[in-house]
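Reviewing the structure listed below.
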Amino acid sequence: MPDLEITNLCFLDRGPYSFHIAGGECVGLRGASGTGKSLLLRAIADLDQRTGTMRLGEVQADEVAAFLWRRMVALLPAESCWWLESVGEHFADFAAVQDDVLVGLGFDRSVGNWHVSRLSTGEKQRLAIIRLLANQPHCLLLDEPTASLDQCSVSRVEELLTRYSQNNNVPMLWVSHDPVQLGRVCHRRFLMENKGLLVDTGVVQDGRSTTYSH
Amino acid sequence: MDVQPLTPTDLALAASLLLLLGLLSWRLRLGLGRQIFIAAARTTVQLLLIGHVLRLLFAHVHPGPLLLLATIMLLVAGREVIARQQRALRGIHGWLIGTGAMFISSFTVTLLALLVIIGQTPWYEPRYAIPLLGMLLGNTMTGVALAMDRMTETLWQQRHIIEQRLMLGQTATQAVAEIRRQAIRSGMMPILNAMATAGVVSLPGMMTGQILGGSSPLDAVQYQILIMFLICAGTGFGTMVAIRWLEQQLFDHRHRLRLERLSSGTRKTLQAGP
């Protein structure tokens, strides 16, 4: 089962960051805007220059090609980009996307032919999540995954991502400004303070079962 | 048959046209007067200078001075490629890419033409070597500069898309495939267009010169076809080398987009054309 181990991760003038997320565990990350939460996610996805070691399960980041690491450690940016004409073209194989994922986020198979230029912000966000999961990632880094969604979609996304994480023993790092949401989806919480200082604020105390395995 | 020589008065007459243009620009507040003046002065000085250099070179046929002149031409072209880019690569690499690409393409193609195709003895006969190299360098310079400018500018504008594609697990090569293609295309466009309209809309400069100099039109046309092919090949190879090289510099070994290696986007003052 994959777990994510970050050791002495430094980038820009930040760090060192060291923490561990177990397989199937969801860790929430909160903090004021501009403290560098997104930067931390980018560094873990190896998109910026960094030092330190990162390990996912048996795999050391520096021992695999960067694009393979990013396929395993999937980053969902706060704003997704779509560069081709139709939605389906952005998938390696749209036909392989499971029906329950599409339905789970309120789409059907015809969405593959939709024009990107006519997608709403919320639709783009939900489709970005589907696109990300289609890569079968082994770790999820989520940058405010529900920021642009209505309440109904928020629950659907939370449910889908939690189910994916539980079923596949996937560690998740979930950035959100909503403490209530983090209470719902996370087992543990980090707080990012000024200058990127990361504080482990401990296990979420709302009775949510913490039976994920280490 | 010899060329009708031009007197200074003839050139002064042509210059008075530019003076008129400058006056008009001043009246219409186009702000072009200064640039027209500088461009005209540069053309006059540079061409007079090269005229004397060539006269010397033709009098003493030897590969040494020829190589020296070729090197100077290459270095100036390399500087010009940088000057024509809005966001050039910082440091020695920015200069090296343009210069290296032009060296590889222009010099090899010129050598091939001199040694194999034209087969003049000696091969370094400056009467052939310098005009050939000059035409190839001038055209590859345009192509390489256009392509590099297009590549860096598009990468800058589409940086979010590139990074999104990297996040989805694409390699750097996959993530810039379309941009690379567009960049190479835009570098090739001028020569492809020139080839498409040659003889129908425009009469290329070298052919015109040869005809003015008294060659038979058919000989001149054959040389012009040769030159067009050489320029097309040189520009194509040069552009591809430059774009590949540039791409390697803009991503690192971890397939990260490294746009901080580009200088900020202020174009230096427009340079006069060739």
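The single condition among (1) in contact (Cβ under 8 Å) with a residue 12 or more places away in the chain; (2) within 12 Å of another protein chain (Cβ to nearest Cβ) that B:A113 does not satisfy is (2). Looking only at the range A:78-94, filter to residues that are part of a helix (DSSP H, G or I) and not acidic (D, E); which one of those is surrounded by the fewest Cβ atoms within 10 Å (Cβ to Cβ)? Result: A:G88. When you go through B:G209, B:G236, B:G273, B:G205 one by one, which is the residue that is at pLDDT below 90, among the small types (G, A, S) and either over 18 Å from the mean Cα position of the chain (by Cα) or open to solvent by less than 30 Å² (accessible area, probe 1.4 Å) (or both)? Exactly one of B:G209, B:G236, B:G273, B:G205 is at pLDDT below 90, among the small types (G, A, S) and either over 18 Å from the mean Cα position of the chain (by Cα) or open to solvent by less than 30 Å² (accessible area, probe 1.4 Å) (or both), namely B:G209.
Select, from B:E163, B:E178, the only residue that is crowded, with 16+ Cβ neighbours inside 10 Å, acidic (D, E) and either in the same structural domain as B:E247 (by TED's automatic domain parsing) or touching a helix residue (DSSP H, G or I) at 6+ places or on another chain (Cβ under 6 Å) (or both).
It is B:E163.
Looking only at residues of the range A:95-129 that are in a helix (DSSP H, G or I) and in contact (Cβ under 8 Å) with a residue 40 or more places away in the chain, we find that the one that is nearest to A:S155 (Cα to Cα) is A:G104.
If I ask for residues that are under 30 Å from B:L96 (Cα atoms) and without any contact (Cβ under 8 Å) to a residue 12 or more places away in the chain, which ones from the range B:206-243 would you list?
Narrowing the range B:206-243 to residues under 30 Å from B:L96 (Cα atoms): B:206, B:226-243.
The answer is B:F229, and nothing else.
Within the range B:37-55, if we keep just the residues that are surrounded by 12 or more Cβ atoms within 10 Å (Cβ to Cβ) and without any contact (Cβ under 8 Å) to a residue 40 or more places away in the chain, the residue that is farthest from B:A129 (Cα to Cα) turns out to be B:F37. Residues in the range A:44-58 include at least one that is away from chain B (no Cβ under 14 Å), in contact (Cβ under 8 Å) with a residue 60 or more places away in the chain and small (G, A, S). Residue selection: A:L75 fails the criterion of being within 17 Å of the chain's Cα centre (by Cα), modelled with pLDDT of 95 or more and not in a strand (DSSP E or B).
The condition (being open to solvent by 100 Å² or more (accessible area, probe 1.4 Å) and farther than 30 Å from B:M73 by Cα) is satisfied by just one residue among B:R34, B:R29: B:R29. Only a single criterion out of (1) within 14 Å of chain B (Cβ to nearest Cβ); (2) over 17 Å from the mean Cα position of the chain (by Cα); (3) charged (D, E, K, R) is not satisfied by A:R131, namely (2).
Would you point out which residue out of A:T201, A:T162 is at pLDDT 90 or above, under 23 Å from A:G31 (Cα atoms), open to solvent by 20 Å² or more (accessible area, probe 1.4 Å) and among the polar types (S, T, N, Q)?
Numbers: A:T201 fails: at pLDDT 90 or above.
Exactly one of A:T201, A:T162 is at pLDDT 90 or above, under 23 Å from A:G31 (Cα atoms), open to solvent by 20 Å² or more (accessible area, probe 1.4 Å) and among the polar types (S, T, N, Q), namely A:T162.
How about the range A:91-119: which of its residues are closer than 19 Å to B:R165 by Cβ and more than 23 Å from the chain's Cα centre (by Cα)? Answer for the range A:91-119, where residues must be closer than 19 Å to B:R165 by Cβ and more than 23 Å from the chain's Cα centre (by Cα): just A:S117. Tell me, yes or no, whether the range A:38-47 has at least one residue that is open to solvent by 10 Å² or more (accessible area, probe 1.4 Å), within 24 Å of A:S155 (Cα to Cα) and either among the β-branched types (V, I, T) or in contact with an Asp or Glu (Cβ under 9 Å, 6 or more places away or on another chain) (or both). Yes, the range A:38-47 has at least one match.
Candidates A:E5, A:E85: the one that is within 14 Å of chain B (Cβ to nearest Cβ), more than 18 Å from A:L133 (Cα to Cα) and of a type in the set (D, E) is A:E85.
Only a single item in (1) over 28 Å from B:G209 (Cβ atoms); (2) open to solvent by less than 10 Å² (accessible area, probe 1.4 Å); (3) away from chain A (no Cβ under 14 Å) is not met by B:L96, and it is number (2). Checking each residue of the range A:16-35 against the condition of being at pLDDT 95 or above, within 15 Å of the chain's Cα centre (by Cα) and either within 11 Å of chain B (Cβ to nearest Cβ) or open to solvent by 10 Å² or more (accessible area, probe 1.4 Å) (or both) gives no match.
With respect to the stated conditions, B:L67 fails to be among the hydrophobic types (A, V, I, L, M, F, W, C) and either touching a Leu at 6+ places or on another chain (Cβ under 8 Å) or surrounded by 15 or more Cβ atoms within 10 Å (Cβ to Cβ) (or both). Do we have B:Q170 as open to solvent by 20 Å² or more (accessible area, probe 1.4 Å), within 22 Å of the chain's Cα centre (by Cα), closer than 30 Å to B:G91 by Cβ and within 14 Å of chain A (Cβ to nearest Cβ) here? The answer is no for B:Q170.
The values are calculated or read from the model by the stated rules, or taken from the named source; none is laboratory data. No experiment lies behind these values; they were computed from the predicted model shown. Here the Cβ is made from the backbone with ideal geometry for all residues, glycine too, and neighbour counts use every protein chain on show. Side chains included, ligands, DNA and RNA excluded: accessible areas come from the protein's heavy atoms. Shrake-Rupley method; radii C 1.70, N 1.55, O 1.52, S 1.80 Å.
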